[in-house]
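The structure appears right after this line, and notes come after that.
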Amino acid sequence: MTGIERNEAPTTRPDQSLRRARGAVTAAYAAQGLGYAVIVTSLPALQLRQGIDDSFVISMLILGVAVAAAVGSVIANVVAVRWGSRAALTLGLVIQAVALPLIAIPLPFELFAAAFGIFGIGLGCVDAAAAMQGVAVQRAYGRHLLGGFFAAATAAAIGGALLVSGVALSAAAAGVALGCAAVIALGVAVIGIRLFAREVPIDEALPPSERANLPRTGIWVFGLVILAVFVADSAVSTWSTQYLQLDLATLAWVAPLGYAAYQAVVLLTRLFTDRLIPAVGRRRLVAIAASVSAVGCLVVALVPFPAAAAIGFALAGVSAGVLIPVTFGAAGDLDPAHSDQVIARVNLFNYAGAIIGAVVVGLLADGPGLGPAFLLPAVALAAILFAVPAFRSRAAPGPAADLRTAGDDPSVI
């Protein structure tokens, strides 16, 4: 059989094609992190260029991106079932490469908003397909790799923010940064079409009744874990700086350090997650990460001091750093024959959590206040403890497999 052989004996040393696939998937994660970071950090300059003086309009644009991303995740599922996740990932990167230059150039607002929607579709498509590819390469290696993939996305996001900062916050400079992100996304797509993991789309060969036979309980359990994590992630990303600057009267240059501390912990924990899983076990690691992050959000909610809030935001970063790669890895193990479909469905919960964290926490800020509003992500993260038994503790994600790139077997679709 060409593509991924799921039942072969483990190999001790990955071959060259497998190492190339790992590098290409890492590049895809990095392109995704870079593109999104450039978009969100360029928003102030783009807002000025488009003459948008209503924050509600920007909120609706962000909401539209999240909804479009959910559509993109569905598209990734459809493409992966028919042609494999390699095609879905390439498609998502190309869509982003088209959308980013459109956002960079001055357009009437309707077209500008449409470009954001196109970017959202690409964002969701890459989110889902990159996770599919990450699980496939991880399974082929026979050891945990998803933490490293997500770490590449985080590091690239930091680089994207620094890129926008380096070219200064003007509309023209933002266009330069967006153009760079587009070129990188397109370059990764061109390289990846040859080097991404060559999965055989098993679902396509199954009858419709078997194709729809998915582990729905597991999808819901892991999906709700992802939702909880993104409630916290979105809340910290959207409101941490405002809380420190406006509610706690922190100096303007100090306020962003809360989010910086959060991202630093996300990156650090992702760098170590792959090693911690076999050492600690999935269940124990999930329980520790959820508990630490829930405590962090609780500190933000109940201790209204800048230093305490910064520490709380840093602790909250453990959830995004650990739980996202661990949960997608566990979801991929639910049913290896249908892992692409499972991952695409679990990924949909990402966007629901992002909307809740950004919108609901903001609404609560008008009532009890922005600090107490962080009780919501604290409760969501604590609820993950009920899902801990669903995480199977295994030393490795599964037997190693033969992964071929397009250059190795042109007969594989």
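Let me spell it out: the conditions are (1) on the phi > 0 side of the Ramachandran plot; (2) in a helix (DSSP H, G or I), and Ala249 meets all of them except one. Which number is the exception?
(2)
Kindly provide the set of residues from segment 312-340 that are of a type outside the set (Gly, Ala, Ser) and under 14 Å from Gly371 (Cα atoms), ordered by number.
Across segment 312-340, the qualifying residue is only Phe313.
Considering only segment 268-291, state which residues are surrounded by fewer than 20 Cβ atoms within 10 Å (Cβ to Cβ) and not charged (D, E, K, R).
The answer is Leu268, Leu271, Phe272, Leu276, Pro278, Ala279, Val280, Gly281, Ala287, Ile288, Ser291.
Which number in (1) of a type in the set (Ser, Thr, Tyr); (2) surrounded by 20 or more Cβ atoms within 10 Å (Cβ to Cβ); (3) under 23 Å from Val359 (Cα atoms) marks the one condition that Ser237 misses?
Of (1) of a type in the set (Ser, Thr, Tyr); (2) surrounded by 20 or more Cβ atoms within 10 Å (Cβ to Cβ); (3) under 23 Å from Val359 (Cα atoms), only one is false for Ser237: (2).
It is to be established whether one or more residues within segment 2-12 are modelled with pLDDT of 90 or more and either among the charged types (D, E, K, R) or under 25 Å from the mean Cα position of the chain (by Cα) (or both).
Scanning segment 2-12, I find no residue that is modelled with pLDDT of 90 or more and either among the charged types (D, E, K, R) or under 25 Å from the mean Cα position of the chain (by Cα) (or both), so the answer is no.
Please work out which one of (1) at pLDDT below 85; (2) crowded, with 16+ Cβ neighbours inside 10 Å; (3) in the same structural domain as Ala140 (by TED's automatic domain parsing) is the condition Val81 fails and give its number.
(1)
Table: residues versus (1) over 10 Å from Tyr262 (Cα atoms); (2) surrounded by fewer than 24 Cβ atoms within 10 Å (Cβ to Cβ); (3) aromatic (Phe, Trp, Tyr); (4) without any contact (Cβ under 8 Å) to a residue 24 or more places away in the chain.
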position: Phe313; (1), (2), (3), (4): no, no, yes, no
position: Val318; (1), (2), (3), (4): no, no, no, no
position: Pro325; (1), (2), (3), (4): yes, no, no, no
position: Asp333; (1), (2), (3), (4): yes, yes, no, no
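Which of the residues belonging to segment 48-78 are more than 19 Å from Val359 (Cβ to Cβ) and surrounded by 20 or more Cβ atoms within 10 Å (Cβ to Cβ)?
Gly72, Ser73, Ile75, Ala76, Asn77, listed by residue number.
Within segment 195-217, is even one residue more than 30 Å from Val286 (Cβ to Cβ), buried (at least 16 other Cβ atoms within 10 Å of the Cβ), at pLDDT 85 or above and not acidic (Asp, Glu)?
There is at least one residue in segment 195-217 that is more than 30 Å from Val286 (Cβ to Cβ), buried (at least 16 other Cβ atoms within 10 Å of the Cβ), at pLDDT 85 or above and not acidic (Asp, Glu).
Of Leu381, Leu363, which residue is at pLDDT 75 or above and within 25 Å of Asp127 (Cα to Cα)?
Leu381
Quick one: which residue in Gly72, Gly51 is modelled with pLDDT of 85 or more and among the small types (Gly, Ala, Ser)? Walk me through it before giving the result.
Working: Gly51 fails: modelled with pLDDT of 85 or more.
On inspection, the qualifying residue turns out to be Gly72.
Does Pro336 satisfy being in the same structural domain as Leu244 (by TED's automatic domain parsing) and modelled with pLDDT of 90 or more?
Considered against the rule, which asks whether it is in the same structural domain as Leu244 (by TED's automatic domain parsing) and modelled with pLDDT of 90 or more, Pro336 comes out as no.
Looking at Ala255, Ala249, can you tell me which residue is more than 27 Å from Ala156 (Cβ to Cβ), without any contact (Cβ under 8 Å) to a residue 40 or more places away in the chain and not assigned by TED's automatic domain parsing to the domain that holds Ile39?
That would be Ala249, the only listed residue that is more than 27 Å from Ala156 (Cβ to Cβ), without any contact (Cβ under 8 Å) to a residue 40 or more places away in the chain and not assigned by TED's automatic domain parsing to the domain that holds Ile39.
Can you give me the number of residues within segment 127-159 that are among the basic types (Lys, Arg) and either out of contact with any Gly (no Cβ under 9 Å at 6 or more places or on another chain) or closer than 13 Å to Arg275 by Cα (or both)?
1
Yes or no: Gly142 surrounded by fewer than 23 Cβ atoms within 10 Å (Cβ to Cβ), at pLDDT below 90 and within 21 Å of Leu271 (Cα to Cα)?
Values: surrounded by fewer than 23 Cβ atoms within 10 Å (Cβ to Cβ): yes; at pLDDT below 90: yes; within 21 Å of Leu271 (Cα to Cα): yes.
Yes; evaluated as a whole, the condition is true for this residue.
The values are calculated or read from the model by the stated rules, or taken from the named source; none is laboratory data. Every value quoted in this text rests on a predicted model; they were computed, and no experiment measured them. Note that we place each Cβ from the backbone using ideal geometry, even for glycine, and neighbour counts take in every protein chain shown.
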